[in-house]
Amino acid sequence: MTALLDVVLPVFLVLGAGYVAVWRGLFSDAGVDGLMVFTQKFAVPCLLFAAISTLDLGQSFDWRLLLSYYSGSTLCFILGILGARFVFGRSLPDSVAIGFVALFANSVLLGLPIMDRAYGAEALVPNYAIISIHAPFCYLLGITTMEIAIAQSREPLKLVRTVGKAIFSNALMIGIILGFIVNLSGMTLPGVVDEALGLMIRAALPAALFGLGGVLYRYRPEGDAKVIAFVCVLSLLVHPAVAYGLGWGVVGLSSEQLRGAVVTAAMAPGVNAYLFANMYGAAKRVAASAVLIGTALTVLTASAWLVLLP
């Protein structure tokens, strides 16, 4: 167990340093905002671009890997909506937002560094395959469901525009798309560009983790304890359990693929879950608190899942 904590804790110590720095006034809110703009709009998109541009697409995009991960995320989305609506009596828009919190795992800012620490950078190929369609899948499912629930987009064309704008205005998606263009075209980047990308990539994850800690300081847990606990169980236990069960017992993933699917599925809800709730003004307190509490609990739950993995 100590060895596993040695893998997981450094990630959360960097995140905790950002939290404490903002809490104690050593790092300003404006600084956090600037750091998150740098990481989410520049450094992490560069990381994803470089990873996707060099992936062996034929080997990486295994339908069994994607089925194992996204079956679990879809199930958690549905269970989140149904539980919020019929168990906790929330409104339909609130229920969809709560379902989205259970759907959107923090696959980049938590999943990548934990996987890297546990198995090394060469083990990240399955993670990148999952991440490459993560935002399109989650936003397509979440926004379409919400728009139907609130009946603002009765026209199919308007719904397509709403979903498309949310997906393709995302800097992470732009990095992924450009990576696919370079990969499929067979382009070779000039050495100086590759070196510059390397500098950005090395800054991406530690800076993003520190910034995420500062962001989480804003999301103090308030009320709705049962709903938050419900969402955390879906995100941290149900989703990885489905990925593990399907990947190991049904479709027969390799050890490397199973690790990527389960570790990514075991991550807490990402900040995008709160942004989605804020966009629609629904279940914002639940989303913010679930992001914060789920991230803290991931220290323990991720360690437990690592024990179970081959």
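Here are some notes:
- Here the range 209-281 is described by how far its Cα atoms reach on the three principal axes: 41, 29, 20 Å, from widest to narrowest.
- Here the 3J(HN,Hα) profile of the range 195-209, calculated from phi with Karplus coefficients 6.51, -1.76 and 1.60 at θ = phi - 60°, is 5, 5, 4, x, 5, 5, 5, 5, 7, 4, 6, x, 5, 5, 5 Hz, Gly and Pro shown as x.
- Value of relative contact order over the range 218-310, rounded to a whole percent, pairs C-alpha under 8 Å and six or more apart: 41 percent
- In terms of overall dimensions, the range 138-197 has a Cα radius of gyration and Dmax of 16.9, 51 angstrom.
- For the chain, calculated [θ]222 nm from helices alone, where every DSSP H run of n ≥ 4 adds -39500 (n - 2.57): -23500 deg cm²/dmol
- Dimensionless Rg/Rh of the range 239-310 - Kirkwood Rh, Rg from C-alpha atoms: 1.09
- Rounded to 0.05, the FRET efficiency of the M187 and D6 pair, given R0 = 35 Å and the Cβ-Cβ distance, is 0.30.
- For M200, the solvent-accessible surface with a 1.4 Å probe is about 60 Å², rounded to the nearest 10.
- For the range 159-276, the equivalent ellipsoid derived from the alpha-carbon gyration tensor has semi-axes of 30, 23, 17 Å in decreasing order.
- Count Lys and Arg as plus one, Asp and Glu as minus one, and take only other residues whose Cβ is under 11 Å from that of G252; the net charge is then 0.
- Magnitude of the charge dipole for the range 69-188, about its Cα centre and with charges confined to Cβ atoms of Lys, Arg (+1) and Asp, Glu (-1), is about 320 debye.
- Computed on the range 1-128, the Cα convex hull volume stands at 176 Å³ per residue.
- Amide H contacts under 5 Å for R90, placed H, 5+ residues apart: R85
- The HN-Hα couplings worked out from phi for the range 226-233 by the Karplus form 6.51 cos²θ - 1.76 cosθ + 1.60 (θ = phi - 60°) are 5, 5, 5, 4, 4, 5, 5, 5 Hz, whole numbers, x standing for Gly and Pro.
- Once you divide the Cα radius of gyration of the range 94-162 by 2.2 N^0.38 Å, the number left is 1.43.
- Centre-to-centre, using Cα atoms only, the range 226-263 and the range 8-71 are separated by 20 Å.
- Å² per residue, accessible surface of the range 155-292 at 1.4 Å: 45 Å²
- Gap separating the Cα centres of the range 284-310 and the range 80-112, nearest whole Å: 14 Å
- Overall, the chain carries a charge dipole of about 800 debye about its Cα centre when +1 sits on the Cβ of Lys and Arg and -1 on the Cβ of Asp and Glu, all other atoms neutral.
- Using only side-chain charges placed at the Cβ, +1 for Lys and Arg and -1 for Asp and Glu, the dipole size of the range 117-186 relative to its Cα centre rounds to 180 debye.
- Count Lys and Arg as plus one, Asp and Glu as minus one, and take only other residues whose Cβ is under 14 Å from that of Y70; the net charge is then 0.
- Using θ = phi - 60° in the Karplus curve 6.51 cos²θ - 1.76 cosθ + 1.60, the 3J(HN,Hα) couplings for the range 115-130 round to 4, 4, 5, 7, 10, x, 4, 5, 8, 7, 4, x, 4, 5, 4, 5 Hz; x is entered for Gly and Pro.
- Diffusion coefficient, µm² s⁻¹, Stokes-Einstein with Kirkwood Rh over alpha-carbon pairs of the chain at 4 °C and 1.567 mPa s: 66 µm²/s
The values are calculated or read from the model by the stated rules, or taken from the named source; none is laboratory data. On a predicted model such as this, the values are computed, not experimentally measured, just so you know. Cβ: placed from backbone, ideal geometry, glycine included. Neighbour counts: every protein chain shown. Note: accessible area is taken over every heavy atom of the protein model, side chains too, but ligands, DNA and RNA are not part of it. Shrake-Rupley method; radii C 1.70, N 1.55, O 1.52, S 1.80 Å.
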